[in-house]
Each structure stands twice: as C-alpha cells, then as structure tokens.
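Read through the structure below, which is laid out as structure tokens, and then see the notes.
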2 protein chains.
Amino acid sequence: MALIVQKYGGTSVGSPERIKNVANRVAKWKAQGHDIVVVVSAMSGETNRLIALAKAVQATPDPRELDVIVSTGEQVTIGLLAMALKDIGIDARSYTGAQVRVLTDSTFTKARIQSIDDAAMRKDLNEGRVVIVAGFQGVDEEGNITTLGRGGSDTSGVALAAALKADECQIYTDVDGVYTTDPRIVPEARKLDRITFEEMLEMASLGSKILQIRSVEFAGKYKVKLRVLSSFQEDGEGTLITFEEDEKMEKAVISGIAFNRDEAKITIKGVPDKPGIAYQILGPVADANIDVDMIIQNVGEDGTTDFSFTVPRGEYAKAMGILEGVQSHIGSKSVIGDDKINKVSIVGVGMRSHCGVASTMFRTLAEEGINIQMISTSEIKISVVIDEKYLELAVRVLHKAFNLDQAA
Amino acid sequence: MALIVQKYGGTSVGSPERIKNVANRVAKWKAQGHDIVVVVSAMSGETNRLIALAKAVQATPDPRELDVIVSTGEQVTIGLLAMALKDIGIDARSYTGAQVRVLTDSTFTKARIQSIDDAAMRKDLNEGRVVIVAGFQGVDEEGNITTLGRGGSDTSGVALAAALKADECQIYTDVDGVYTTDPRIVPEARKLDRITFEEMLEMASLGSKILQIRSVEFAGKYKVKLRVLSSFQEDGEGTLITFEEDEKMEKAVISGIAFNRDEAKITIKGVPDKPGIAYQILGPVADANIDVDMIIQNVGEDGTTDFSFTVPRGEYAKAMGILEGVQSHIGSKSVIGDDKINKVSIVGVGMRSHCGVASTMFRTLAEEGINIQMISTSEIKISVVIDEKYLELAVRVLHKAFNLDQAA
C-alpha cells in the first residue's frame with residue numbers, strides 16, 4: 001500500500017464524461033489499497049474563458065483580482081470530481097489551495113509555493129477518503145488567493161507529493177510517456193521507461209512540452225518520484241522520471257532528441273572585444289522582456305568578435321530593432337539576423353562517460369549536407385542551430401545514428 | 001458622508017459592459033464622499049450553468065461539493081468588478097465569503113449566517129478602498145465553503161449592512177422600486193416611496209418577488225434601512241423599506257395588492273369536529289414536504305366541519321393522493337379540489353387603524369360578480385381565493401377601489 005499523488009490536466013477533466021473516467025481510474029487505484037491524493041486543473045478551455053472575461057473588463061487585468069477569477073476554474077473541477085467519486089461509492093473531499101493551505105508568496109499570477117499544511121489531508125486519508133486538491137493555486141499570508149502561473153498544476157502535484165512524502169507522483173496527460181523524440185517526425189520513436197531529472201529538464205526546456213519545467217525542478221529538488229502517464233489509456237507504465245541513474249541507464253549514450261522550431265538568431269558582427277560588451281548588448285533585450293536562449297561569443301581575431309544569440313521567433317522583429325539601436329552605441333560593424341532557423345538537441349546523461357558523442361552528431365549532420373550555424377553544449381546535451389528546412393531530416397538521422405529506435 | 005452597502009443582482013452584472021456600468025455607479029457614490037461596500041451575485045445564467053454541470057456528474061449533487069462549485073459564480077464577479085473599478089481609478093479589493101469571514105452554520109446549500117468579521121473591510125474603508133464582497137456565500141467553522149441558497153445575495157447584503165452598522169443597504173435590481181401592484185396587470189400601478197418591513201414581508205411572500213424574504217426578515221430584525229433601486233436607471237430614489245411607520249404612511253389605508261397564481265385548493269368535507277383532526281389531515285401532507293399556505297376551518301353544524309387549505313399547484317396531484325388516503329382513515333365525507341384558483345391579497349399597516357377595509361374589498365369583488373372561495377386575514381393583510389379567470393380583473397378593481405393610483 002502506497003501513498004500516491006495523481007495529477008490530471010485540463011484535457012483529462014474536460015467534460016463531465018471525462019471527469020467520471022478519472023473517478024473510475026482513481027477508484028481502481030484505491031481498490032488496490034493505495035491512499036490517493038488527486039490534483040486537478042481547470043476543465044480545458046475554462047482558464048482561457050476566464051482570462052478573456054477579465055480582459056473584457058480591464059485590458060491589463062489587475063493581478064490580484066485576476067487570480068481571484070482564474071482560480072475558480074480548478075475550484076469547479078475539484079467539486080465535480082468529488083461528486084463523481086461519491087457517485088460510485090468512494091468517499092472523497094475537495095480542497096481549494098486556501099483550504100489545504102498551500103502557502104505561497106504574494107507574487108500574483110506567478111506565485112511560488114512556500115509550504116503546504118498536510119494536516120487536513122492526512123486526517124482524510126486516515127479516514128479512508130480520497131483527497132482532491134485544486135492545482136495551480138494557493139493563498140498568501142494575508143489570505144489573498146494566488147495562482148502559480150500557467151502549467152502550475154504540475155507544480156502543485158509535485159509539491160503536494162513532497163509535502164506528503166508520497167511514494168510516487170503520477171502526472172496524467174494526453175501522451176503515454178516521454179519519447180526519444182516526436183513520433184510525428186520519427187515514427188520509430190520509442191517511449192522511454194525511465195529518464196533522469198536532468199535529462200527531463202533538458203528535454204522539457206528544449207520543446208518536449210509534457211511537463212512544466214518548474215515541476216521537474218521541484219521534483220528533483222525534493223526527490224519526488226515522478227511518472228508521466230496517459231489518462232486515455234487503460235494500462236501502461238508511462239515514463240518514470242528518476243533522480244538516480246541506475247545501471248540500465250548507463251548503457252544508453254543519449255536518451256532523446258529534442259527540438260524547438262520557435263527560434264530566430266541574431267548576430268552582431270565586429271563587436272569590440274572588451275569587458276561589459278555582453279551586458280551592453282543583452283541588457284536592452286532583457287529590459288524589453290525578451291527571453292534569450294543560446295548565447296555564443298567567439299574569440300575574436302582583430303580585437304573584435306561576433307556575438308550571436310537566439311530569441312523566440314515572435315520577438316525577432318522587436319529584438320532586431322533594439323539591436324540596431326545598440327549597434328551604433330557600441331561601435332559594431334553590423335547586425336544580421338535569421339528567423340528561419342531551428343534548434344536540435346541531443347540529450348543524455350550517458351554523454352558524461354562516453355566520448356565521441358559530439359563528433360557522431362556533427363558527422364551525421366554533415367553527411368546529409370546540413371550546415372551547423374551555431375553550437376552550444378552542456379554536460380548532458382549538445383544543441384545546434386540549423387536551417388529550419390532540415391529540421392525533420394536532422395531529427396530522423398540523429399535518431400537513427402544513436403540507435404534510439406532500439407531499446408538499450 | 002455615509003456608509004452604504006450596495007447589492008447588485010445577476011442581471012445587473014450580467015456582462016462585462018454591465019459590470020462597467022456598476023463600477024461607474026459605485027464611483028458616483030464614492031465621489032459624493034460615501035464609504036461603499038458592494039455585494040454582488042453571480043453573472044446571470046452562471047449559477048444555473050454550474051448546477052447543470054454538477055448534475056451532469058451526479059444526479060443529486062453532494063451538497064458540500066455543490067457549494068464548492070456554485071460559489072465560484074460570485075467569486076468571478078467580485079474579481080471583475082474590482083478590476084472595473086481599478087480601471088477607472090477607484091481603489092477596490094474583492095473578498096470571498098471565506099475571506100471576509102462570513103461565518104455560517106454547516107447546512108450546505110442553505111446555510112444561515114452566524115457572524116461577520118468586519119475587521120478587514122473596515123481597514124480597507126479607512127484606507128479609502130471600495131470593498132467588494134461575494135454574496136450568497138460563507139464559510140463554516142471547519143473552513144468548508146457554504147452557500148445561503150437561492151437569492152441569498154440579498155441576505156448577504158443586509159447581513160453585511162447590519163455587521164458594519166451601515167447607514168443604508170441599497171438593493172439594485174431590474175425594477176425601480178416596489179409597486180402598488182404588478183404594472184403588467186394595472187398600468188396605473190404606482191411606485192411606493194416607502195413601505196414598512198411588515199408590509200414588504202407580506203408583499204414578498206405573496207408573490208411580489210423583488211426581495212428575498214429572508215433578507216427582509218433579517219433587515220427588520222437588525223433595523224437595517226433597506227432601499228430597492230433600479231440598476232438600469234440613472235437616477236431615482238427607489239422604495240425605502242422602513243422599520244418605523246411615519247406620519248405619511250398612516251394616511252394610506254392599504255399599500256399594495258399582491259397575488260399568487262401558483263395556488264390550488266383542497267377541501268375535505270364532513271370532517272368529524274374533534275381535537276387533533278387538523279393534525280391528522282396536515283401531518284401526512286407536511287411529511288411529504290408539501291408547503292401548505294392558507295388553512296381554513298369553519299365551525300361545523302352537525303358535529304362535522306369542512307377543512308380547506310391551499311398548496312402550490314405543482315404539488316396538487318400529490319396532495320390529493322395523500323388526502324384520499326387520509327379520508328377513509330378519519331371518516332370524512334369527501335375530498336374535493338381545484339387547481340384553477342388564485343390568491344389575491346391587500347396589504348397595508350393602515351388596516352390596523354381603519355375600519356371597513358375588508359368590507360370594501362368584498363363589496364368591490366361582489367360588484368364584479370367575482371365569487372370569494374376562501375378568506376384569510378392577518379393584522380395587515382386580507383387574502384382571498386378566487387377563480388383564476390378573474391385574477392386580473394380583481395387586481396384592477398381593487399387597485400382602483402383603494403385609490404392606489406393616486407399618491408397618498
């Protein structure tokens with residue numbers, strides 16, 4: 001008998017029928033003797049509906065009041081799921097973030113969890129009840145309602161699992177696990193039984209958007225065993241995200257191939273190579289709230305250097321405008337950009353102990369005539385920027401080159 | 001400078017545009033130097049939508065969980081109104097029932113208010129903020145969300161006004177006040193400037209459904225000055241509901257004519273005239289949760305009596321069935337019924353000090369050939385049961401007979 005936290009996203013609870021399905025799934029786990037805490041999102045579409053309503057009243061909604069409004073989405077779901085469980089004879093009780101008490105800071109619309117009171121939930125579990133908690137929300141010290149920001153229900157699930165010292169936190173979603181890459185591009189892509197937190201972090205931040213990245217960080221920090229499962233499949237083990245690298249994993253050199261189409265690159269050529277130059281270039285970009293991803297600066301030859309970085313494609317025009325202003329100021333030669341690029345990354349803890357991973361990657365791409373425009377590496381991933389027209393080809397050939405279609 | 005509690009119903013906050021209108025109205029009162037606490041209902045249609053959603057999951061929704069779901073309706077409105085006020089430069093803060101702390105008992109879906117903590121609201125008012133409170137809801141001692149039942153937002157408004165010792169509680173609705181009778185039947189019906197609580201109670205319970213009856217009782221008990229106003233009119237004084245009869249009111253003999261179409265009557269003939277018989281008849285009816293309205297028993301002649309009462313029309317068939325069972329048991333002659341009757345009532349505190357009111361009423365109806373089937377009186381009202389086909393005629397001729405079309 002274990003204590004399991006299950007988190008169901010908006011699609012999984014998107015209609016009364018689907019909520020009943022979730023209740024049946026919970027009942028099955030409960031029948032196996034487990035204690036169950038369920039964390040739910042708002043029904044799909046509901047959060048967007050509420051935000052649109054708020055914007056119809058105030059173009060830039062007041063953050064405190066927006067949280068009051070948006071948090072009702074999850075509040076409706078917890079009540080409905082409790083009813084669905086009671087309807088099939090399972091005792092259950094719902095809790096809003098404030099009722100649990102999920103204490104957060106007061107940063108409305110993107111609050112951070114500070115502590116969770118497990119007393120009420122423990123009492124219910126001891127009395128045989130299923131506990132249902134509204135994801136995505138909490139309450140600050142003054143009793144104001146807060147929300148954790150988009151995707152925050154994953155974080156709620158993991159935080160509750162940590163607070164309750166749960167044996168496992170199961171994230172139910174519309175995919176049945178984490179794949180070696182996107183099966184829409186590589187039909188041979190294989191579901192991974194296990195992946196480490198570090199790999200998952202790289203996969204998530206690189207565009208495999210299964211889990212909210214903050215929840216993965218959180219799980220890693222508090223050593224919560226995370227499992228990604230499909231809420232539309234009857235069985236299946238999903239993918240377990242572990243904090244230890246076990247023997248089996250060592251054998252795999254890389255675990256997956258991530259990619260991101262939402263990229264554009266900007267290069268400033270002939271930048272004087274002196275201290276503070278990176279800040280002078282990126283400071284104004286950051287001030288404009290543009291997220292910068294890869295940043296590359298090469299050693300220069302003639303006292304100048306080329307400085308490149310990538311930004312989300314939607315921010316490309318704005319960033320170019322800013323940089324053209326910066327250029328004259330810092331005395332660089334020119335600003336050039338390209339919004340027709342993609343990023344491809346290979347990810348795997350095996351890289352640490354295996355040589356030649358980078359050269360395999362570069363050789364594979366070269367053999368297909370794919371030019372590498374930028375390279376960036378970390379301990380467990382190598383990312384390259386390529387022309388967007390080669391994206392699918394690059395992912396396919398790399399998937400094959402690293403034998404990802406075969407179980408390790 | 002006064003402290004005013006304003007309550008806006010679902011129609012008044014039924015769209016973003018209407019919520020902005022409410023904000024403008026609140027701003028106008030605030031500009032006059034008043035402290036304002038606003039109580040709001042859910043946007044029109046929202047409560048029904050939420051109940052339907054709940055019923056789609058559980059045919060008879062669990063009461064605790066239903067309150068969790070339904071209370072989100074008002075929670076959305078408070079956030080939207082706070083935003084609308086901030087958008088026009090008025091500082092405001094929203095409160096759920098739990099945040100205020102509106103403490104209720106634990107009777108889910110029809111909880112009763114036990115106490116209200118005014119500390120947080122006072123602080124906001126002192127700091128110049130408009131306070132916005134979700135009507136219809138509260139929280140019990142264990143922190144469970146409760147609702148006060150349909151129309152409970154009126155009660156919330158009055159209870160807050162009582163707790164804050166407000167100078168006036170303004171109920172904004174879709175009519176501009178209390179009328180002498182329904183203007184759809186009598187075009188000459190006149191808006192009353194004032195009406196006493198007792199009269200309002202009789203008018204409300206008799207079918208003039210402007211205010212929830214519980215809120216009127218509450219206002220009378222705590223001596224809250226209540227005013228009914230239109231939220232769609234720019235100006236207008238509405239109708240003030242007072243707890244003292246002033247000089248002006250003494251002049252009017254009756255204040256209004258109420259009526260109820262949702263009535264059916266049942267008569268048991270030849271009932272043995274002995275102690276306990278009323279209970280033997282009405283006990284089984286009450287056990288079936290049927291509300292009995294008028295009850296009439298005449299002195300009998302031959303040791304038997306006729307016993308009549310009225311029930312809501314929808315319960316008529318059920319009540320007849322029960323009574324036919326009772327009949328043989330108590331040895332009465334027969335049970336007869338009629339579900340084509342209506343009730344008409346004249347209401348006025350002036351009756352206390354004016355003779356001949358009843359005879360004027362009966363003569364007026366007789367002159368039109370309207371037969372009176374049952375009569376019931378209280379200190380400030382006289383009700384009669386008549387054939388439903390004469391309802392409009394009866395209301396019109398009584399309105400004229402008591403000069404209600406002319407200001408007193």
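The values are calculated or read from the model by the stated rules, or taken from the named source; none is laboratory data. Predicted, not measured: the structure shown is a model, and the values here were computed from it. Quick reminder, even Gly has a Cβ in these numbers, built from the backbone with ideal geometry, and neighbours come from all protein chains shown.
Take the residues in the stretch A:75-93 that are more than 8 Å from every other protein chain (Cβ to nearest Cβ) and either outside any helix (DSSP H, G or I) or within 17 Å of B:ILE78 (Cα to Cα) (or both), then tell me which one is nearest to the chain's Cα centre (by Cα).
A:ALA92
Would you point out which residue out of B:GLY135, B:GLY143 is of a type outside the set (A, V, I, L, M, F, W, C) and more than 12 Å from every other protein chain (Cβ to nearest Cβ)?
B:GLY135
Keeping to the stretch B:181-195, report how many residues are assigned to a loop (DSSP other than H, G, I, E, B) and either buried (at least 17 other Cβ atoms within 10 Å of the Cβ) or at positive phi (or both). Let's see the steps before the verdict.
Step one: list which residues in the stretch B:181-195 are assigned to a loop (DSSP other than H, G, I, E, B), which gives B:181-190, B:192-193.
Subsequent filtering for residues that are either buried (at least 17 other Cβ atoms within 10 Å of the Cβ) or at positive phi (or both) retains B:181-182, B:186, B:189-190, B:192.
The total comes to 6.
Out of the stretch A:1-19, which residues are of a type in the set (Lys, Arg) and touching an Asp or Glu at 6+ places or on another chain (Cβ under 8 Å)?
A:LYS7, the sole residue that qualifies.
For the stretch B:74-92, what are the residues that are buried (at least 24 other Cβ atoms within 10 Å of the Cβ) and among the charged types (D, E, K, R)?
Within the stretch B:74-92, B:GLU74 is the sole residue that qualifies.
For the stretch A:43-73, name all the residues that are out of contact with any Phe, Trp or Tyr (no Cβ under 9 Å at 6 or more places or on another chain), more than 8 Å from chain B (Cβ to nearest Cβ) and surrounded by 20 or more Cβ atoms within 10 Å (Cβ to Cβ).
Across the stretch A:43-73, the qualifying residue is only A:MET43.
Looking at the stretch B:143-180 only, could you name the residues that are over 15 Å from the mean Cα position of the chain (by Cα), in a loop (DSSP other than H, G, I, E, B) and either at pLDDT 90 or above or among the β-branched types (Val, Ile, Thr) (or both)?
Result: B:GLY143, B:ASN144, B:LEU164, B:LYS165, B:ALA166, B:ASP167, B:THR180.
How about the stretch A:26-42: which of its residues are crowded, with 19+ Cβ neighbours inside 10 Å, of a type outside the set (Val, Ile, Thr) and part of a helix (DSSP H, G or I)?
Matches in the stretch A:26-42: A:LYS30 only.
Is it the case that A:ILE375 is farther than 27 Å from A:ASP193 by Cα and either surrounded by 17 or more Cβ atoms within 10 Å (Cβ to Cβ) or free of Cβ contacts under 8 Å to residues at least 12 places away in the same chain (or both)? Reasoning before the result, please.
Numbers: farther than 27 Å from A:ASP193 by Cα: yes; either surrounded by 17 or more Cβ atoms within 10 Å (Cβ to Cβ) or free of Cβ contacts under 8 Å to residues at least 12 places away in the same chain (or both): no.
Spelling it out, it is not the case that A:ILE375 is farther than 27 Å from A:ASP193 by Cα and either surrounded by 17 or more Cβ atoms within 10 Å (Cβ to Cβ) or free of Cβ contacts under 8 Å to residues at least 12 places away in the same chain (or both).
What's the total number of residues in the stretch B:273-293 that are in contact with a Ser or Thr (Cβ under 9 Å, 6 or more places away or on another chain), at pLDDT 85 or above and within 17 Å of B:VAL335 (Cβ to Cβ)?
So the count comes out to 2.
Given the options A:THR96, A:THR60, name the one that is farther than 25 Å from B:LEU66 by Cα and not aliphatic (A, V, I, L, M).
Selected residue: A:THR60, the only one of A:THR96, A:THR60 that is farther than 25 Å from B:LEU66 by Cα and not aliphatic (A, V, I, L, M).
In this structure, does B:ALA31 turn out to be modelled with pLDDT of 95 or more, in the same structural domain as B:ALA92 (by TED's automatic domain parsing) and in contact with a helix residue (DSSP H, G or I) (Cβ under 9 Å, 6 or more places away or on another chain)? Working first, answer last.
On the way: modelled with pLDDT of 95 or more: yes; in the same structural domain as B:ALA92 (by TED's automatic domain parsing): yes; in contact with a helix residue (DSSP H, G or I) (Cβ under 9 Å, 6 or more places away or on another chain): no.
No.
Restricting to the stretch B:17-28, what's the tally of residues that are in contact with a helix residue (DSSP H, G or I) (Cβ under 8 Å, 6 or more places away or on another chain) and of a type in the set (Lys, Arg)?
Counting residues in the stretch B:17-28 that are in contact with a helix residue (DSSP H, G or I) (Cβ under 8 Å, 6 or more places away or on another chain) and of a type in the set (Lys, Arg) gives 1.
Take the stretch B:48-74 and flag every residue that is assigned to a helix (DSSP H, G or I), closer than 20 Å to A:VAL40 by Cα and of a type in the set (Asp, Glu).
If the condition is that a residue be assigned to a helix (DSSP H, G or I), closer than 20 Å to A:VAL40 by Cα and of a type in the set (Asp, Glu), then B:GLU65, B:ASP67 are the ones that fit.
Every residue in the stretch B:298-355 that is buried (at least 18 other Cβ atoms within 10 Å of the Cβ) and assigned to a loop (DSSP other than H, G, I, E, B), please.
Residues satisfying the conditions are B:SER332, B:GLY348.
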